[in-house]
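Notes to accompany the following structure.
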Amino acid sequence: MTSLSWPHLTHLHRGIKNQRWAWPGLREILFNDLERIHKKSGHWDLVLFTGDLTQKGSSEEFKEVDEIFEQLWRHFRKLGFDPKLLAVSGNHDLVRPDPDDPFVLLFEDWEQKRIVRDTFWENPESPYREAIQHSFDNYTDWWSKQPYKAENVNPGMLPGDFAVTIEKDRSEFGIIGLNSAFLQLSDKNYQGKLALHAAQFHDAVVDDDGPEWAKNHNACLFMTHHPPKWLNPESVQQLNGEITSHGRFAIHICG
């Protein structure tokens, strides 16, 4: 039986106040923990990161993330392996717009604005979609230049959406990551209000057919930043009925 292994990392929040002086001590603890776990689990194929790499989504913070990842991958190589990175974006990986921005006000009323929702999902050139794309520009730029990411990652509908096939010992593992954070444009409480849609699932795969894509793999993994309890009721139905139904995914990994 072929196995796929990984450490799951999340919520680095690089750029948070006072983190710079705290990082060396945290790094020592993290690296010791990784080494201890590695002795039990063996080499890892992947590193799965479920969002909030930064605190405010600035380009400067993503440069600092690169510095940390360089240290992390040096440590992996010291242990004798070189895993590939897969990541989804979190709500701190976007640059939050002005709270009085008209788009922010519209998105805050997402559940009551069906015309906004329908246009957002159906029209890739809509101003709503463009506003979200722009908020994640720094994340998108960082990910496009990421030297550690897996090969042949197919981008999806929203920034952070992706699908990839990992081949190992004649087995194929499918991994999907979807952006669950795009509505979280302020520091308000969004639990039970965020969105996810089957259109993201289909758009992330090459042939626009998520269920068929899943069938063509030996096992599939699903990644989001938020757990299901952060989604609004309609999105929970999309998740359970259209995305993860029929046993398509072995595990849902979230932040």
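Taking region 1-54 as the range and being aliphatic (A, V, I, L, M) and surrounded by 14 or more Cβ atoms within 10 Å (Cβ to Cβ) as the test, the residues that pass are LEU4, LEU9, LEU12, ILE16, LEU30, LEU34, LEU46, VAL47, LEU48, LEU53. Can you find a residue in region 65-85 that is crowded, with 19+ Cβ neighbours inside 10 Å and either among the small types (Gly, Ala, Ser) or closer than 18 Å to ALA195 by Cβ (or both)? Among the residues of region 65-85, not one is crowded, with 19+ Cβ neighbours inside 10 Å and either among the small types (Gly, Ala, Ser) or closer than 18 Å to ALA195 by Cβ (or both), which makes the answer no. Selection over region 130-164 of residues that are without any contact (Cβ under 8 Å) to a residue 12 or more places away in the chain and either crowded, with 18+ Cβ neighbours inside 10 Å or in a loop (DSSP other than H, G, I, E, B) (or both) gives a count of 2.
Screening region 181-196 for residues that are of a type in the set (S, T, N, Q) and either outside any loop (DSSP other than H, G, I, E, B) or in contact (Cβ under 8 Å) with a residue 60 or more places away in the chain (or both) and picking the one that is surrounded by the fewest Cβ atoms within 10 Å (Cβ to Cβ) gives SER186.
Kindly list, by first and then second residue, each pair from a residue in region 235-252 that is within 13 Å of GLY210 (Cα to Cα) to a residue that is of a type in the set (Ser, Thr, Tyr) and part of a helix (DSSP H, G or I), limited to pairs with Cβ atoms under 9 Å and residues at least 6 apart or on different chains. Short answer, once both residue conditions are applied: LEU239/SER245. For region 86-108, filtering for residues that are surrounded by fewer than 20 Cβ atoms within 10 Å (Cβ to Cβ) and within 21 Å of the chain's Cα centre (by Cα) leaves 3. Just one of the numbered conditions (1) at negative phi; (2) outside any helix (DSSP H, G or I); (3) surrounded by fewer than 22 Cβ atoms within 10 Å (Cβ to Cβ) is not true of ILE175: (3). Does any residue of region 168-175 turn out to be without any contact (Cβ under 8 Å) to a residue 24 or more places away in the chain, over 28 Å from ASP98 (Cβ atoms) and touching a strand residue (DSSP E or B) at 6+ places or on another chain (Cβ under 9 Å)? Checked region 168-175: no residue is without any contact (Cβ under 8 Å) to a residue 24 or more places away in the chain, over 28 Å from ASP98 (Cβ atoms) and touching a strand residue (DSSP E or B) at 6+ places or on another chain (Cβ under 9 Å). Tell me which residues, restricted to region 1-59, are of a type in the set (Asp, Glu) and closer than 18 Å to HIS92 by Cα. ASP52 - this is the single residue of region 1-59 that is of a type in the set (Asp, Glu) and closer than 18 Å to HIS92 by Cα.
Screening ALA214, ALA199 for residues that are out of contact with any Gly (no Cβ under 8 Å at 6 or more places or on another chain), surrounded by 15 or more Cβ atoms within 10 Å (Cβ to Cβ), part of a helix (DSSP H, G or I) and at negative phi leaves exactly one candidate, ALA199.
Scanning region 217-237 for residues that are surrounded by fewer than 22 Cβ atoms within 10 Å (Cβ to Cβ) and within 14 Å of GLY192 (Cα to Cα) turns up PRO227, PRO228, LYS229, ASN232, PRO233, GLU234, VAL236, GLN237.
Taken together, the values in this text are just the output of simple stated rules run on the coordinates, not laboratory data. Predicted model, so just to flag it, every value in this text is computed and none were measured. In this analysis, Cβ positions are derived from the backbone assuming ideal geometry, glycine residues included, and neighbour counts consider all displayed protein chains.
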